[in-house]
Amino acid sequence: SLSQSEYLVHNHSLARGLYLNNVEKQQEHLWFSGMPAIGGTPDNVELVNVFVMPDVLEQPEFSQRDIQRDIEKSEPTQAYTLLTLSKAPRRVVILGGPGSGKTTLLQSFCLAFAQGGRSRLTWAQSLPELLPVFYRIRELEEDLRTRTTIWDCIAHRCSQDLSRTLPLDFFPRQMESAGLIVFFDGLDEAKTTASRTHIVQLIESFVRGLSPECRVMITSRPYDYRHRFIAVDR
């Protein structure tokens, strides 16, 4: 049905509003799927009511040999500073073990950008008006079976989530007018090494084509990370 004309949104301002509302709905709750409910416990909670901002340590030069040395030199800082610093980094890889909260952190960032000045997250009041895109690597891997570029995959996945077909050039135009912030979650979740390498190459190509205002964040488990994954356009 997404190919039918009545599901196509033609106006870019309307499309942006619909898109942001949908992103907010997707990210504003944490869902406890697969966990049994006890005594009427809800299966979801509002993210802002339970989220605790984690600390991060900067590793400016990543190598297996120097990880411990870099950690010992670094001072922890709250993760939201990756967004709010006057010279916030445009390319970031967030490393953490299983269950360390990487996905929830990206959700909180994505929600903050979707809500803008309405956000109840106190640190989010002065964020730039970048359009957030949240993309799980396992979903990107699935979409790449029928599409060849990340731009095509983003347009397809976001239109599918919205149940409306966004304008064909929606994301490139948003990039040029205000900028994007793209969250790629779970690089380590690609099924094979070959698939992961292919996705990394596509992300590198995608990043090179972004406007200067745009930002990209990637999460991964440390064991599956390589320095070259963020070697472009720091």
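The values are calculated or read from the model by the stated rules, or taken from the named source; none is laboratory data. No experiment lies behind these values; they were computed from the predicted model shown. Using ideal geometry, Cβ is built from the backbone for each residue, glycine included, and neighbour counts are taken over all protein chains shown. What goes into the accessible areas is simple: the full protein's heavy atoms, side chains included, and nothing from ligands, DNA or RNA. Shrake-Rupley method; radii C 1.70, N 1.55, O 1.52, S 1.80 Å.
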### Subset of the range 24-68 that is out of contact with any strand residue (DSSP E or B) (no Cβ under 6 Å at 6 or more places or on another chain), of a type in the set (A, V, I, L, M, F, W, C) and at pLDDT 60 or above - its residue that is most open to solvent (accessible area, probe 1.4 Å)
V52
### Message
I'd like to check something: does the range 182-204 contain any residue that is of a type in the set (V, I, T) and touching a residue at least 60 places away in the same chain (Cβ under 8 Å)?
### Response
yes
#### Entry: Those residues of the range 86-139 which are surrounded by 17 or more Cβ atoms within 10 Å (Cβ to Cβ), more than 13 Å from the chain's Cα centre (by Cα) and among the polar types (S, T, N, Q), in sequence order
Q115, S119
### Query
In the range 191-208, is there at least one residue being charged (D, E, K, R), open to solvent by 30 Å² or more (accessible area, probe 1.4 Å) and under 21 Å from C110 (Cα atoms)?
no
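If you go through the range 157-172 one residue at a time, do you hit one that is among the hydroxyl-bearing types (S, T, Y), under 18 Å from R91 (Cβ atoms) and assigned to a loop (DSSP other than H, G, I, E, B)?
No, the conditions are met nowhere in the range 157-172.
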